[in-house]
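Taken together, the values in this text are just the output of simple stated rules run on the coordinates, not laboratory data. Computed from a prediction, not measured in an experiment: that's the story for all the values here. Because the Cβ atoms are built from the backbone with ideal geometry, glycine has one as well, and the counts that use them run over all protein chains shown.
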Amino acid sequence: MNIEKEIIDLQNQMEKDKEFFWNNPEEGLKEIKTSAYIKKRLQEMGYTDINDSIYETGIIATSHGKEEKPCILFRSDIDAVKMDENGRMKHTCGHDAHMTILLSLAKLIMNNKDKIKGTVKLLFEPDEEGNGGAYKMIQNGALDNVDEAYAIHVWSELKEGTVSIREGAVMASTDPFEITVTGRGGHAAMPEKCIDTIYIANEIGKMVKEMAKIDVENDDKIILGITAINAGNNNNVIPDRAYLKGIFRSFNNEIRDKVKKELKEKVENKAKELGGVAELKFIGNYPATINSKNEARKLKKLFENIADNIDTEYQTMCSEDFSYFLRNVPGAMILVGCSKGTYYPQHNENFSCGMKSILIGTQCFFEIVKTELF
Ligand SMILES: [Zn+2]
Ligand SMILES: [Zn+2]
C-alpha cells in the first residue's frame, strides 16, 4: 500500500467521521443526522456551494476551480442496511466508509484549491439500498455539465489491499418482478370445472427456470427464477389466484431489455395457453453497472502504485444504482477490498471495513483528481 503523507495526516479525522456514521445508521430517505453531519463538515472545510435540496437527504457540494472544465463527479451513498423486521439499522454495506472517503477527498480538494483547474462535484446519495436515490438525483440535474463520474464500493469479496477495476460490466442489473395468476377456483373434487391456478403457476415457474442461463460466461449470464409462490390454503379448494415473486439479473443492458420483454410475453402467453390469465409487473429496477473502457484502463495504471494488488476481472451479481450515472457519462465503479481474517459478506451482521481500505479508497479518488484536474 502506498499512501501519501497528506492523506495519512487526515487519519484522525477519518476515524471521527467513520465513528459518527457507524454510530448513526439511518434508513434510506431518513438519513437526517447523517446528512446534517455531512453538511456541517463541508461548511467547516469552507465549501460554500452546497446544494441540499437536490433530492430528499441528498447533498451535492461543488468546488469551482480556475476553469469550469472538466467537471468530475465523485459519489458516496449514505444509507444503512435494515437488518431485521424491527427495522434495526446497521452500516453493513460499508456506506459509512464511502462517506468518510468522500469527506476526506473534500478536504484534500480544499487543501489543493489553487492547483485545481476544473470543477469537482461531491455527491452524497440517499436510499441506495431502497428505491435508489441515483435516478432521482440525476432527474433533478445532478449530472448537468458533468464529464466523468466515479464511485467506490468497499467490497468484502476482495482482500484488504486489493483494488478492482474492470473494463465493462462490474455489477449486474436487477429487475424484481411479481406475477398474479388468475384461474377459476372451485371444488378440488371437480377439477374439470376449474381452471387450475396452481398448475399454471407451477408451469410458469418451470418455464422461467428454463430461461435462465447460469453456466455461461460473464455477459451472457442470465439469473432468472421464481423466489416466492403464494396460493391456496386448503386441501379441497382450487384457489382463484396465485401470487409469484421472482428476480432477474444480467450483466448486459441490451440482453436485459430483450429478456424483460420476452419474460413478460412468455409468462402471460403460458397462462393464456392453459386457460388462465397472468400479469407480470416489474417492481423497481437497476441497470447493470458498466465501467467505460478508456476510464477503467486509465485507472488501472493510476492505481497500480496505490494498491498491494490490482484486479481487473472481478464482477458480481450484486447491483448498484451508480449504474444510472454510468449510463449517462463515462466513469467507473471502483471496488476496494476490505476483507481480512474471517470472511463476512456484505449485509452480514459482522461485516466491517477497516482504516486501510478507507486510506486506499481516498488515495484512489485523489489520484483521479490529481491526474484529471491539476
Ligand atoms: Zn448493500
Ligand atoms: Zn452498498
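A compact table of results
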{"item": "Pairwise label distance in nanometres, residue 83 with residue 11, each label 7 Å out on the Cα-Cβ vector", "result": "2.8 nm"}
{"item": "Extension gain (nm, one decimal) between residue 2 and residue 218, 0.36 nm per residue minus Cα-Cα", "result": "74.6 nm"}
{"item": "Gaussian network model of the chain, Cα within-10 Å springs - most flexible of 102, 42, 123", "result": "42"}
{"item": "Interchain or long-range residues, amide H under 5 Å from residue 73's placed H", "result": "121, 147, 148, 149, 150"}
{"item": "Magnitude of the charge dipole, the chain, Cβ model with Lys/Arg +1 and Asp/Glu -1, debye to 20", "result": "200 debye"}
{"item": "Candidates 133, 341, 94, ranked by Gaussian network fluctuation over the chain, Cα under 10 Å, top entry", "result": "341"}
{"item": "Modelled FRET efficiency - R0 35 Å, residue 281 with residue 139, Cβ distances, 0.05 increments", "result": "0.95"}
{"item": "Cα gyration tensor of the chain - equivalent ellipsoid semi-axes, whole Å, descending", "result": "44, 21, 19"}
{"item": "Within straight-line cross-link reach of residue 266, lysines at Cα separation under 21 Å, skipping those fewer than 8 residues along the same chain", "result": "206, 209, 213, 221, 245, 258, 281"}
{"item": "Violating pairs (Cα-Cα greater than 19 angstrom) within the set 69/115; 16/82; 113/136; 298/370; 193/272", "result": "16/82; 113/136"}
{"item": "Computed FRET value (nearest 0.05) for residue 206 with residue 114, which takes r as the C-beta separation and R₀ as 51 Å", "result": "0.20"}
{"item": "Rounded FRET efficiency, nearest 0.05, which uses the C-beta distance separating residue 355 from residue 254 and R0 of 25 Å", "result": "0.05"}
{"item": "Per-selection metrics, region 203-361 (Cα): Rg and Dmax in Å", "result": "20.8, 69"}
{"item": "Beta bridges by DSSP in the chain, antiparallel share as percent, to the nearest 5", "result": "65 percent"}
{"item": "Order by protection proxy (mean Cβ within 10 Å, highest first), peptides 55-64, 225-234, 29-38", "result": "55-64, 29-38, 225-234"}
{"item": "For 338, 318, order by how many other beta-carbon atoms lie within 10 Å, fewest first", "result": "318, 338"}
{"item": "Karplus 3J(HN,Hα) series, Hz, for region 156-167 with 6.51 cos²θ - 1.76 cosθ + 1.60 (x for Gly, Pro)", "result": "6, 7, 10, 5, 3, x, 8, 10, 10, 9, 10, 6"}
{"item": "Spatially proximal aspartates and glutamates relative to residue 159 (Cα-Cα < 19 Å; intrachain offsets below 8 disregarded)", "result": "96, 304, 308, 311, 313, 349"}
{"item": "Residues of region 260-282 with amide N under 20 Å of a point placed 7 Å along Cα→Cβ from residue 193", "result": "275-276"}
{"item": "Above-threshold pairs, the threshold being 28 Å between Cα atoms, out of 121/300; 5/300; 40/340", "result": "40/340"}
{"item": "Cysteines, the chain, no other Cys beta-carbon under 4.7 Å", "result": "71, 93, 194, 318, 364"}
